[in-house]
Amino acid sequence: MARTSRNLAAGALIVAAAFAAAPKATRAEPFLGEIRFVALPFAPVGWARCEGQFLRIAEYPDLYRVIGYRFGGDARIVFALPDLRGHAPMHVDPQGERGNEVGERVLHTTEAATGHTNDTLSMPWIATQCIIAVKGKFPEPAPGQ
């Protein structure tokens, strides 16, 4: 396990160094509200962690125009970013309402063996974090959408 942690940490440093060293012209500017999974231990400049935190509408008016208050907020002063800790985003059909939770959490009962119940995901996982672009291009819908 320690080796895996060292490998992930080393990989994150390599990605961070490559990101920082890349010429600005070769980095694609993200769309406002774009969400990415990264193995970085931080959110780069222009990005924020998807941890449900509130942002002031006055400071991020364009991002507010993109995601609104579907993840929380009062729609007057603040709005919330999505909280994807322990979750994974899913594609929805075009008629689906975005920003809602879907699926279910699976409980694995280990009470017989250990005396307690563990709430775990039913699939293997790797430690990453989700980040959302708080600066970038305003997304324009494709023709006909």
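The values are calculated or read from the model by the stated rules, or taken from the named source; none is laboratory data. Keep in mind the model is a prediction, meaning the values are calculated, not measured. Virtual Cβ from ideal backbone geometry, glycine too; neighbours counted across all protein chains shown.
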Check your understanding: Taking the condition at pLDDT below 95 and closer than 11 Å to Val134 by Cα, does Glu59 pass?
Key -> no
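Conditions tested, residue by residue: (1) in contact with a Ser or Thr (Cβ under 9 Å, 6 or more places away or on another chain); (2) over 19 Å from Phe138 (Cα atoms); (3) surrounded by 14 or more Cβ atoms within 10 Å (Cβ to Cβ).
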site	(1), (2), (3)
Leu32	no, no, yes
Arg36	no, no, yes
Ala43	no, yes, yes
Gly46	no, no, no
Glu51	no, yes, yes
Phe54	no, yes, yes
Ile57	no, no, yes
Tyr60	no, no, yes
Ile67	no, no, yes
